[in-house]
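The values are calculated or read from the model by the stated rules, or taken from the named source; none is laboratory data. Fair warning: this is a prediction, and the values are worked out from it, not measured in the lab. Reconstructed Cβ throughout: ideal geometry from the backbone, glycine too, with neighbour counts over all protein chains shown. We work out accessible area using only protein heavy atoms, side chains counted, and drop any ligands, DNA or RNA first. Shrake-Rupley method; radii C 1.70, N 1.55, O 1.52, S 1.80 Å.
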Amino acid sequence: MTAIQLPKTYDFKSTEERVYARWEEQGYFKPANHPRKKGFDPSRKPFVISIPPPNVTGELHLGHAMFVAMEDLMIRYQRMKGVPALWVPGSDHAGIATQLKVEEDLLRTEEVTRDELGREEFLKRTWAWKEKYHAIISRQIRRLGASVDWSRERFTLDEGLSLAVREAFVRLYEKGLIYRGPRLINWSPGLRTAVSDLEVEYNEEDGLLYFFKYRIQGSDDFIPVATTRPETILADTAVAVHPQDARYQKFIGATALVPMLDRHIPVIADEYVDREFGTGALKITPGHDANDYQIGMRHKLPIISILDEAAHITKEGGPYAGMDRFAARKKIWADMRAKDLVIKTESYRQRVPRSQRGGEIIEPMISTQWFVTIQSLAQPALEAVDSGRIKIVPEYFTKVYRNWMENIQDWCISRQLWWGHRIPVWYASDGSMFCARTEEEALAQAKARFGKAVELKQDPDVLDTWFSSGLWPFSTLGWPQATPDLAYFYPTSMLETGYDILFFWVARMIMMGLEFTGQVPFHTVYLHGLVRDDQGRKMSKTLGNVIDPLEVMDKYGTDALRFTLLVGSTPGQDVNLSLDKVGANRNFANKLWNAGRFVIGALDGAPATMNAELQPTLADAWIWARAKQVMAVCQRLFETYQYGEAGRQVYDFFWSEFADWYIEIAKLQLAEGGDRALKTCDLLVRVLDICLRLLHPFTPFITEELWGHLKAASLAHPANLPTHGGQWPEALIVAPWPGPLPDEGKDEGALRDFAIFQETVRSIRNLRAEKNVKPGQKLAAMLASTDCFEMLDNQRQPLAALTQLDLDKLQITRSMEKKPDGYVGLVAGPVEIYVSLAEALDPIFERARIEKELAAARQQVQRLQKLLDSDFGQKAPDNVVEKEKARLEGFKSTARSLEEQLKNTR
RNA sequence: GGGCGAGUAGCUCAGUUGGUUAGAGCGCUUCCUUUACAAGGAAGAAGUCGUAGGUUCGAGUCCUAUCUCGCCCACCA
């Protein structure tokens, strides 16, 4: 027999790399059943996740680590259950984000702007950037252990997906759900593009509220007005007051004069105005404010734009034309002061709209953009979730989703960028539009229209990144082609992502999935929380609290990081990642390794044949019963998405039951040699095997590695120890999830007896610790118990070994007439314990100790008696009452034993 | 203004059909380098589960109110 020796320490770094490479080479990441495979069975239901495609802008962060850990866990679980599991990988071109990065990079390295470079050259550079960062990010995703099917990897700008994007656009256009027109949109002056409502963030900031006079034409009177943005005065087209406001009644219908420009604008009455706020009079700027825009529509006011693309004042701004918006603000205020139009300024806390990307202040302005009419898409999307066809975990996010869907506005989908999907619309010189899948098609349309070939120009804008991400679950499977993959794998099963992109991504996928495929894109949405630092703060560069997952993996291993993220998280709840915790989980991996080493070592030297008739010991029966329970609990928890709790269950079972108790007792059983030793090995192998399988979705690397060694050692052993399933699969990643385990029919008894055994051991250990008995010193003891006599008698050896009792001086009886002299009395449930400890014996101290324990026991008896006498006895279910009754009996017998001991102690 | 989440041991957090002595990790105290493991083992201290009511035989768990913190949505100039 060749002994298999495991290295003393687990080298996670080299193992992770080697194990992942083997998985990938062996093709384990491909679904077990798929259309291109021989013997394809379309009736087998697959489990499918589309990866939230990482941006090609940068490197791995903890958000990636989180979703990879979570989704990999789900995929591995399903794969082990025998379900054909497909995890589709890919990445996102991330329009604005990437373009920004590349622009910054070019400016820094070559000192050129994108305009100097030109569109074509800039895109070439951006593709090069994409190649570089795509390589980095996919290597890092591998590092996390993602068992994605790399052969199906997609990129949002690749040919197939671009086709899907154009198809989607054309279909919406032809249905009349896409329109183009001037609307008030959010404009990012630095990026010189429109952004959607979702891309604007509002920051609380200190600012000023400017109070000034709106002069009335033909009088010396004025209306006081307040604003936070004085430069927008230049674009005012009305002054509004509340129709019932007594102060301003007389002005309604009058003409006001715009400061500095003396433009004539009406004073109007509108319910919208809040009489309490500011001066109670409101300047109306339909060109640069969303609410004013609405009021402007109601009153058919003209719209004036005073800002250009770069937020410089336009010629509409008269003397201020060409100035920057903030410079203009200062200048106009100074000029107004000179003309006695200024009343005062007040400091004011306001919410400032800023770009989610650049951070600069967003200007609402009128601009011609493309929009998706959202109502007809939102309705089915709302219904799909309300009806339960899509289930959101945790459930409370359903409300958040509904709230947003019900108040959704048309979606501005055009961006004035270069990096992205070009809008598939071409214009003729007369301005007529042709929306088509290809330029040829557009040209053909134009020819048909004009009766001759004409030149067309494609719309220079690109689409919002989220337009293409919205198609992700089906575009990655081949849509719009009716591919076999699409037929088999779509709709997908699970969409797992952070709750921060519920609206950006999840909601849009639901709308577009229903619109284009007529089906929900996925059945379940699992939303994880955001990863924060150990104090719950958002990680940010300015705070300096960013944790780099790569460093964490270097230091503690991927498994430790994954386990921490998975076990430390509850659906929808943020995770505060502490490195202490990762360290603790690294220790867990170490514990696994060492326990594995022990089990494998135990095989070496065990006999070759086993007596099948040999009865399991108490510890054997107990650990098997517990393994069965843990497996069942895990199963239930996995099915209800309570992965963290499942991980904790296995962690605790493995460490504090299997390692702390069973292995310790197994050492004794192994020392017995013969059949007993082999039987023990068998159980060690089987329970370890089950633990490794249950843990594999959490910590794939160490479990695969250890399991491989365990398998080799078991097969090398002459007895050819099987797993509980009877055979050893080729790798843990494709091993079956532990199914129902064979029942040995005496679980209840074993669980109860072992608990008493543990309590007995703990009491004696406790005594030794309290009395400072030297570890090596063997003590004599007597144990008495009517109920547990046989059990204790059978457990003499482990009992003595675990508590350092002298086996030859360990007496076990059914009852004790009188406490022997020089012995300290203890009680562990139904067991009376007497330990020879003459030198430590102080009757006064002992009496005090026993009295204290007795008082506690009596109190429990009283409490339980009272409980059982109350309505509880009648109304609570029988099993609950029975449990309490048993408990009461336990305390009664403990009290009786203590009374005996008290009597005997003087 | 509307909505959501959280408040449990010194710290960070688990605790999903309500079951009666509330758990973990880290930290803390005492002891132990015994051939799986000191990244370890044994024993231990530590919590009126934010507050006040309510439902119930029974509430950390359900309901109402309230306080504190965090987030999301809407944007009163």
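Per residue, the Cα convex hull of region A:95-195 amounts to 169 Å³. For chain A, the longest principal axis of the alpha carbon atoms and the long axis of helix A:508-517 meet at an angle near 80°. The smallest convex shape that holds all Cα atoms of region A:246-347, its convex hull, gives 130 Å³ per residue. Summed over all non-identical Cα pairs, the Kirkwood treatment of region A:139-182 gives a radius of 13.3 Å.
Normalised by the number of residues in chain A, what is the relative contact order in percent for Cα pairs under 8 Å and 6+ residues apart? Relative contact order comes out at 12 percent.
Taking amide H atoms as placed 1.01 Å from N in the peptide plane, the amide H of A:L86 lies under 5 Å from those of A:F47, A:V48, A:I49, each 5 or more residues away in sequence or on another chain. The accessible surface of chain A, taken with every protein chain in place and a 1.4 Å probe, is 49 percent carbon and sulfur.
Remark: the A:K37-A:W404 segment gains 127.9 nm on full extension, using 0.36 nm per residue and subtracting the alpha carbon distance. Annotation: lysines with alpha-carbon distance below 17 angstrom to A:K315 (same-chain offsets under eight excluded): A:K331. Using only side-chain charges placed at the Cβ, +1 for Lys and Arg and -1 for Asp and Glu, the dipole size of region A:80-135 relative to its Cα centre rounds to 460 debye. Its alpha carbons considered, region A:678-763 gives a radius of gyration followed by a Dmax of 15.2, 46 Å. Counting only aspartates and glutamates at least 8 places from A:K774 when in the same chain, those with an alpha carbon closer than 18 Å to its own are A:D806, A:E839. Sorting the Cα pairs of region A:607-660 by distance into bins of 5 Å, from 0 upward, gives 4, 18, 21, 19, 13, 11, 8, 5, 2 percent per bin. When the Cα convex hull of region A:719-765 is projected onto planes of every orientation, the mean area is 5.9 nm².
Computed extension gain for A:Q356 through A:K175, at 0.36 nm per residue and net of the alpha carbon distance, reaches 62.0 nm. Quantify how much of the Cα-Cα distance distribution of region A:340-429 extends past 17 Å, in percent. Of the Cα pairs, 72 percent sit more than 17 Å apart. Reported value for region A:773-864: 117 Å³ per residue, from the convex hull of its C-alpha atoms.
Once the Cα atoms of helix A:62-80 and of chain A are each reduced to a long axis, what angle between those two axes, in degrees from 0 to 90 to the nearest 10, is obtained? The helix A:62-80 is inclined about 60 degrees to chain A. Just so you know, the Rg over Rh for region A:542-609 is 1.22, from Cα atoms, with Rh as the Kirkwood radius.
Each other residue within a Cβ distance under 9 Å of A:P738 adds +1 if Lys or Arg and -1 if Asp or Glu, for a net charge of 0. Short-range pairs are left out: with C-alpha atoms under 8 Å and at least six residues apart, the relative contact order of region A:1-131 is 25 percent.
Given the pairs A:K667/A:K771; A:K38/A:K81; A:K818/A:K892; A:K679/A:K818; A:K819/A:K892; A:K13/A:K132, which are separated by over 31 angstrom at their Cα positions?
Too far apart for the 31 Å limit: A:K679/A:K818.
Applying both filters, DSSP loop and at most 14 other Cβ atoms within 10 Å, to the chymotrypsin sites (Phe, Trp or Tyr not before Pro) of region A:249-284 gives A:Y272, A:F277. If a spin label sat at a point 7 angstrom from the Cα of A:K457 along the line to its beta carbon, the backbone N atoms of region A:152-191 nearer than 19 Å would be those of A:180-182. Taking the C-alpha atoms only, the angle from helix A:397-406 to the longest principal axis of chain A is near 10 degrees. Solvent-accessible area per residue in region A:309-397 equals 51 Å², computed with a 1.4 angstrom probe and all protein chains kept.
Can you show me the helix-derived [θ] at 222 nm for chain A, built from DSSP H runs with n ≥ 4 at -39,500 (n - 2.57) apiece and divided by the number of residues, rounded to the nearest 500.
It lands at -14000 deg cm²/dmol.
Close amide H partners of A:T813, meaning residues 5 or more places away or on another chain with modelled amide H under 5 Å apart, are A:L783, A:A784, A:S785. Of the residues A:S569, A:S151, the one with the largest accessible area comes first in the ranking A:S151, A:S569, computed with a 1.4 Å probe on protein heavy atoms.
Each 5 Å bin, from zero up to the one with the longest distance, holds this percent of the alpha carbon pairs of region A:834-874: 6, 20, 15, 15, 11, 10, 8, 7, 5, 2, 0.
Under the simplified labelling scheme, the A:K591-A:R44 pair shows an inter-label distance of 3.7 nm, with each label point 7 Å from Cα along Cα→Cβ.
If N is the number of residues in region A:169-263, what value comes out of its Cα radius of gyration divided by 2.2 N^0.38 Å?
Values: Rg = 19.5 Å, N = 95, 2.2 N^0.38 = 12.4 Å.
That ratio works out to 1.57.
Distance distribution P(r), region A:82-131, all Cα-Cα pairs, bin width 10 angstrom from 0: 23, 45, 13, 11, 7, 2 percent.
Where the convex hull is taken over the Cα atoms of region A:1-99, what is its projected area averaged over directions, in nm²?
Across all orientations, region A:1-99 yields a mean hull projection of 10.5 nm².
With every protein chain present, what is the per residue accessible area of region A:705-770 (1.4 Å probe, Å²)?
Averaged over the residues of region A:705-770, the accessible area is 45 Å².
At q = 0.22, 0.29, 0.31, 0.33 Å⁻¹, what is the log10 ratio I(q)/I(0) for region A:375-421, with the Debye formula run over Cα points and no solvent? Ignoring solvent entirely, the Cα scatterers give -0.77, -1.06, -1.16, -1.25. Size check on chain A: the Cα extents along the three principal axes, sorted descending, read 117, 70, 56 Å. Think of chain A as having a plus end and a minus end, set by charges on the Cβ of Lys, Arg, Asp and Glu; of A:A381, A:W419, A:H696, A:H696 sits farthest toward the positive end of this dipole.
Equivalent ellipsoid of region A:482-617: semi-axes from √(5λ) of the C-alpha gyration tensor, largest first, are 41, 29, 12 Å. Charged side chains reduced to their Cβ positions (Lys and Arg at +1, Asp and Glu at -1) give chain A a dipole of some 380 debye around its Cα centre.
Residue separation of A:R108 and A:R18 scaled by 0.36 nm, minus their Cα-Cα distance, works out to 28.5 nm of gained length. Its residue count N fixes a reference of 2.2 N^0.38 Å for region A:718-803, and the Cα radius of gyration divided by that reference is 1.63.
Near A:Q375, once Lys and Arg are set to +1 and Asp and Glu to -1 for all other residues with Cβ below 14 Å from its Cβ, the sum equals -3.
What's log10 of I(q)/I(0) for region A:569-691 at q = 0.13, 0.18 Å⁻¹, Debye sum over Cα points only, no solvent? Once normalised to I(0) and log-transformed, intensities are -0.60, -0.97. The alpha-carbon of A:K45 sits under 16 angstrom from the alpha-carbons of these aspartates and glutamates, leaving out residues fewer than 8 places away in its chain: A:D485.
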